[in-house]
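Colleague: Right, I'll just put the structure down here and ask away after.
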Amino acid sequence: MSESMAPPKRAFAPVQWMRDNLFNTWYNILLTVVVVYMIGTSIGPLLNWLFLDATFTGADPKDCVGDGACWLFINQRLNFFMYGFYPDAQQWRVDIMFFLLAVAFVPQFIERFPARRWLGIFGMTGLPIIGYILIPGGWFGLEEVQSNKWGGLMLTLILAYVGIIGSLPLGIILALGRRSEMPVIRGFCVIFIEVWRAVPLITVLFMASVMLPLFLPEGMNFEKLLRALIGITLWQSAYMAEVIRGGLQAIPRGQYEAGSALGLGYWRKMRLIILPQALTLVIPGIVNTFIGLFMDTTLVLIIGLFDILGTVQSTITDPAWQNVAIEGYVFVAFCFWVFCFGMSRYSQNLERKLDTGHKT
Amino acid sequence: MTEQMQSEQGQTVVDSAKADKTIIHVEAMHKWYGSFHVLKNLNLDVAQGERIVICGPSGSGKSTFIRCINRLEEHQQGKIVVDGVELTDDVRHIDSVRKEVGMVFQHFNLFPHMTVLENCCVAPIWVRKTPRKEAEATAMEYLKRVKIPDQANKYPGQLSGGQQQRVAIARALCMKPKIMLFDEPTSALDPEMIKEVLDTMIELASSGMTMLCVTHEMGFAKTVADRVIFMDGGEIVESAPPHDFFDNPQEPRTQQFLKQILHH
């Protein structure tokens, strides 16, 4: 038998690489020059505006001098952007929730973090319960804080988090129901999905806040935020159901049959065999939907809830601050980007981990 | 003529001699796919420990037939009784039959998201309620028996076809079934891997397992089977012990089939 050889080494030579890829034809040379020129002329001013000429600290709007960004504005109003009208003395409750959220989910990015799986499970189950007790208060001696005082990033996270946690299991149930052999269940799921999916979120929110109270009996009136949360969750679960159904359809019939032949009943077969594979397949779609939802939470502005975008938007019209709109929007964009990028990275992480290199 | 008698009476002899040990009883069973009559009036009694090979041209309904025995397909007429339980729409009946009937598929159908060991343990743990430790020990035992204990912690995707099929056999055996069904277990394998799977099946047969195999491996049928059943057009055309079946087939359709498959 002839001996195995190592594969030929491919040395990385930057000059050679550039010659092959950036300067190989006349139009590539032209393109390279134009792009380099554009980057070169824009990056300097951008850095200047963002950091070098920017004002970060100070006492009041007059400290914002110079051509750079006025981050002082964000700095000064950060409390409002984070908590809305949540009373200062009670904000530690929200801080605990921020902290717990970080404890539950940041370790998910760190391979080999001890008990990270349990932290994840806590984040999906225990965390909402603690939040439900802590944030509104009104029991255990906690002062009650009405939901119309909630706002800012905290509200955005509550909306997105409840939407995500609620819509995933609901979506799974709806997707399974739509593939059920029982006509009543299937019919119900099809109607539910098709109705909710055909309605824009903005309409759902509007209905939940304005129309729903008209239909409810006198005295049965639950809060606007709760109505919005239910609306968002149901609306989102219809989308989620279709994403998951795509995954279920990709699982070959042999997997169902092998599960059945081993004597696994419907629910065990789904939970142990089918769903783990189907959900893994559609992680990109699921995260895409989550990110979409995260962005869509900004629509609650139209029913008078102040999420992070709402708080920023209402502040930039403050006459005390002049020309801070760009800073405000950049800040909002950055906040959204951090969370959405985080979700995206996590999903890639998960995909890699769950890939067993074999699709039947 | 004598063979004809034997083949026809073979069943009755088995019936009367081991009447108490009949483990599968199929009586006047019919099945349709829509308006297409796939299985026509099938009758079969399988005694405990009997090894049966079912062969026939493709589309003859042989796979459909054995899939009816653990109700992966449902029959519309007639009666199937497995280990004393009649298969009906009753889910509890179906579940109790499936516990006792292992199945090996043409395309293995291993669970790709689980390791080999997890594949073997999932049903004992969740269906038989075996403690995990015990289930794993049993699984390792069977993996040793199919000669791949060293692959226990790999994923199915990392194994060759022959290895995967042996895992599939071990997975079915871990449920300690009374009956094993094989649905063309070697048809999807590369030629050099067929032998390792057949060897495993032969070893299993020698341990006294009741086996129903749909296969084209006539060598296997000759060495292992107690009875060979030939199906064509959804019917059982001929049923005889292997030496009669191969050396002296009675039915013209059987003769033609054997000529086709043995003639090269």
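Colleague: If amide H atoms are built 1.01 Å from N in the plane of the peptide, which residues on other chains or at least 5 residues away come under 5 Å of the amide H of B:Val104?
Modeller: The answer is B:Leu181, B:Phe182, B:Asp183.
Colleague: Among the Cys residues of chain A, which have no other cysteine Cβ under 4.7 angstrom away?
Modeller: Among the cysteines of chain A, those whose Cβ sits 4.7 Å or more from every other are A:Cys189, A:Cys335, A:Cys340.
Colleague: Loop sites only, by DSSP: take the chymotrypsin sites (Phe, Trp or Tyr not before Pro) in chain A that have at most 15 other C-beta atoms within 10 Å and name the longest stretch containing none of them.
Modeller: A:223-360
Colleague: Quick one: putting +1 on the C-beta of Lys and Arg, -1 on the C-beta of Asp and Glu, what dipole do you get for the range A:251-349 around its Cα centre, in Debye to the nearest 20?
Modeller: The calculation lands at about 720 debye.
Colleague: Projecting each Cα onto the charge dipole of chain B (Lys/Arg +1, Asp/Glu -1 at the beta carbon, about the Cα centre), which of B:Ile54, B:His93, B:Pro131 comes out farthest on the positive side?
Modeller: Of the listed residues, the answer is B:Pro131.
Colleague: Counting each DSSP H run of 4 or more residues in chain B as -39500 (n - 2.57), what helix-only mean residue ellipticity at 222 nm follows after dividing by all residues, to the nearest 500 deg cm²/dmol?
Modeller: Value at 222 nm, helices only: -13000 deg cm²/dmol.
Colleague: Let me ask something else. Loop-only check: which trypsin sites (Lys or Arg not before Pro) in the range A:11-88 are DSSP coil with at most 11 other Cβ within 10 angstrom?
Modeller: On the way: sites: A:Arg19, A:Lys62, A:Arg77; in loops: none.
When the trypsin sites (Lys or Arg not before Pro) of the range A:11-88 are filtered for loop state and at most 11 Cβ neighbours within 10 Å, nothing remains.
Colleague: Given N residues in the protein assembly as shown, what is Rg(Cα) / (2.2 N^0.38 Å)?
Modeller: Values: Rg = 33.7 Å, N = 624, 2.2 N^0.38 = 25.4 Å.
This ratio for the protein assembly as shown stands at 1.33.
Colleague: Considering only DSSP states other than H, G, I, E and B, which trypsin sites (Lys or Arg not before Pro) in the range B:51-129 qualify as loop sites with at most 10 other Cβ atoms within 10 Å?
Modeller: Sparse-neighbourhood loop trypsin sites (Lys or Arg not before Pro): B:Lys129.
Colleague: Can you give me the long-range amide H partners of B:Thr210? Hydrogens built in the peptide plane at 1.01 Å from N, cutoff under 5 Å, separation of 5 or more residues or another chain.
Modeller: B:Gly49, B:Met180
Colleague: Could you grab the Rg to Rh ratio for chain B? Cα atoms only, Kirkwood for Rh.
Modeller: On the way: Rg = 18.4 Å, Rh = 19.0 Å.
With Rh from the inverse mean 1/r over Cα pairs, Rg/Rh is 0.97.
Colleague: I would also like to ask the following. Tell me the relative contact order for chain B as a rounded percent, counting alpha carbon contacts under 8 Å between residues six or more apart.
Modeller: Worked out over chain B, it gives 25 percent.
Colleague: Go ahead and set up a Gaussian network model of chain B, Cα springs under 10 Å, then flag whichever of B:Phe36, B:Phe105, B:Phe220 fluctuates most.
Modeller: B:Phe36
Colleague: Running Debye on the range A:146-354 with equal point scatterers at the Cα sites and no solvent, what base-10 log of I(q)/I(0) appears at q = 0.11 Å⁻¹?
Modeller: So the normalised log intensities are -0.63.
Colleague: Just for the protein assembly as shown, what percent of DSSP beta bridges are antiparallel, to the closest 5?
Modeller: Numbers: 21 of 40 bridges.
The antiparallel proportion sits near 50 percent.
Colleague: Taking 8 Å as the Cα distance limit and 6 or more residues as the minimum spacing, I'd like the relative contact order of the range A:83-145 as a percentage.
Modeller: 31 percent
Colleague: Mind checking which aspartates and glutamates have their Cα closer than 18 Å to the Cα of B:Lys21? Skip sequence neighbours fewer than 8 apart in that chain.
Modeller: Counting by Cα, and skipping residues close in sequence, B:Lys21 has these aspartates and glutamates nearby: B:Asp45, B:Glu50, B:Asp83, B:Glu86, B:Glu100, B:Asp226.
Colleague: Same structure, new question: Given Cα positions, please report Rg to Rh for chain A, the hydrodynamic radius being the Kirkwood one.
Modeller: 1.05
Colleague: Ratio of alpha-carbon Rg to the 2.2 N^0.38 Å globular estimate for the range A:83-145, to two decimals, please.
Modeller: Normalised Rg, Cα atoms only: 1.28.
Colleague: Taking 2.2 N^0.38 Å as the expected size of a compact globular protein, what ratio does the Cα radius of gyration of the range A:1-130 give against it, to two decimals?
Modeller: In units of the 2.2 N^0.38 Å rule of thumb, it is 1.89.
Colleague: In the range A:83-145, carbon and sulfur make up what percent of the accessible area (probe 1.4 Å)? Present the calculation step by step, with values, prior to reporting the outcome.
Modeller: On the way: 2800 of 3890 Å².
The nonpolar share, carbon plus sulfur, comes to 72 percent.
Colleague: Cross-link candidates for B:Lys133: which aspartates and glutamates have Cα within less than 13 Å, leaving aside residues fewer than 8 places away along the same chain?
Modeller: B:Glu118, B:Glu141
Colleague: Separate question: What lysines could a cross-link reach from A:Lys224, if we take a straight Cα to Cα line under 21 Å and drop same-chain neighbours fewer than 8 places away?
Modeller: A:Lys149
Colleague: Let me ask you something else. Quick one: of B:Lys154/B:Lys222; A:Lys269/B:Lys195; B:Lys154/B:Lys176; A:Lys269/B:Lys222; B:Lys62/B:Lys259; A:Lys353/B:Lys129, which pairs are farther than 27 Å apart, Cα to Cα? Let's see the in-between values first.
Modeller: Values: B:Lys154/B:Lys222 35 Å; A:Lys269/B:Lys195 32 Å; B:Lys154/B:Lys176 23 Å; A:Lys269/B:Lys222 37 Å; B:Lys62/B:Lys259 19 Å; A:Lys353/B:Lys129 29 Å.
Over 27 Å Cα-Cα: B:Lys154/B:Lys222; A:Lys269/B:Lys195; A:Lys269/B:Lys222; A:Lys353/B:Lys129.
Colleague: From the square roots a ≥ b ≥ c of the eigenvalues of the alpha-carbon gyration tensor of the range A:215-333, which class results: rounded (a/c under 1.5), prolate (a/b over b/c), or oblate?
Modeller: Oblate.
Colleague: In the range A:321-360, which residues give up 40 Å² or more of accessible area once the other protein chains are added, compared with their chain alone (1.4 Å probe)?
Modeller: Listed by number, the residues meeting the 40 Å² cut-off are A:Thr356, A:His358.
Colleague: What nm value, rounded to one decimal, do you get for the distance between A:Glu143 and B:Ser96 when each label is placed 7 Å out toward the C-beta?
Modeller: 6.5 nm
Colleague: Follow-up question, since we're still on this one. Output wanted: per-residue J couplings in Hz (rounded whole) for the range A:54-61, from phi through Karplus 6.51 cos²θ - 1.76 cosθ + 1.60, θ = phi - 60°, x for Gly and Pro.
Modeller: 7, 9, 9, 10, x, 10, 8, x
Colleague: Which whole-percent values make up P(r) of the range A:294-340 when all C-alpha to C-alpha distances are grouped in 5 Å steps starting at zero?
Modeller: With a bin width of 5 Å, the distribution comes to 5, 22, 28, 23, 16, 5, 1.
Colleague: Here's something else I'd like to know. For the range B:161-258, what is the convex hull (Cα atoms) projected area averaged across all directions, in square nanometres?
Modeller: Its average projected convex-hull area is 6.7 nm².
Colleague: Here's something else I'd like to know. Per-residue HN-Hα couplings for the range A:2-16, Karplus 6.51 cos²θ - 1.76 cosθ + 1.60 at θ = phi - 60°, whole Hz, x for Gly and Pro?
Modeller: Karplus values, whole Hz, x for Gly and Pro: 6, 6, 6, 10, 6, x, x, 7, 10, 6, 9, 10, x, 5, 4.
Colleague: Express the carbon and sulfur contribution to the solvent-accessible surface of the range A:146-354 as a percent, rounded to the nearest whole number, probe 1.4 angstrom. Don't skip to the answer; put the middle values down first.
Modeller: Working: 6570 of 9680 Å².
The computed percentage sits at 68.
Colleague: Counting heavy atoms of the protein chains only and a 1.4 Å probe, report the per residue accessible area for the range B:205-264 as a whole number of Å².
Modeller: So the range B:205-264 comes to 45 Å² accessible per residue, rounded to a whole number.
The values are calculated or read from the model by the stated rules, or taken from the named source; none is laboratory data. Because the structure is predicted, anything quoted here is derived from the model rather than measured. Positions of Cβ are backbone-derived with ideal geometry, glycine not excepted, and every protein chain shown enters the neighbour counts. Accessible surface is based on the protein model in full, side chains and every heavy atom, while ligands, DNA and RNA are left aside. Shrake-Rupley method; radii C 1.70, N 1.55, O 1.52, S 1.80 Å.
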